[in-house]
Amino acid sequence: KIEKEKIMLNERNYIARELHDTVTQTLFSSNLIAEVLPKLWKKDPESAIKRLNEIRMLNNLALTEIRALLFDLRPSSFKNEDPIAREKNKKFHKSYRKMVTEKLRSQPAVF
């Protein structure tokens, strides 16, 4: 029983770290951009449209991260169903995250 509780605590800590490190930070960034959009729209609508695209990408990244996290938390019997699909899923999440990160870094800061 103690070992099972220890495993559950480790899983909770893992979830908390992952949510904080990825999803929370991504959504926080998206929210900051959204907060400045009304002012930016008045000054430079074209730039505001680019920022809307950034928000879309950040939100998609957060959704992708949540899906990956939930996939990792599935019972092992499901994880072992198709190792090829699992590996493709991991590669997709990694490449998508890299693409979004590079795209966002190439944009000038709004703030």
(message) Give the lysines whose C-alpha is closer than 23 Å to that of LYS98, dropping any in the same chain fewer than 8 places away, or say none.
(response) LYS50, LYS88, LYS90
(request) Give the calculated FRET efficiency between PHE28 and GLU3 to the nearest 0.05, with a Förster radius of 35 Å applied to their Cβ-Cβ distance. (result) 0.45
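Every read-out reported here was derived from the displayed coordinates using simple, explicitly stated rules and does not represent laboratory data. Here the structure is a predicted model, which is why all the values come from computation and not from measurement. Don't worry about glycine lacking a Cβ; one is built from the backbone with ideal geometry, like all the others, and counts go over all protein chains shown.
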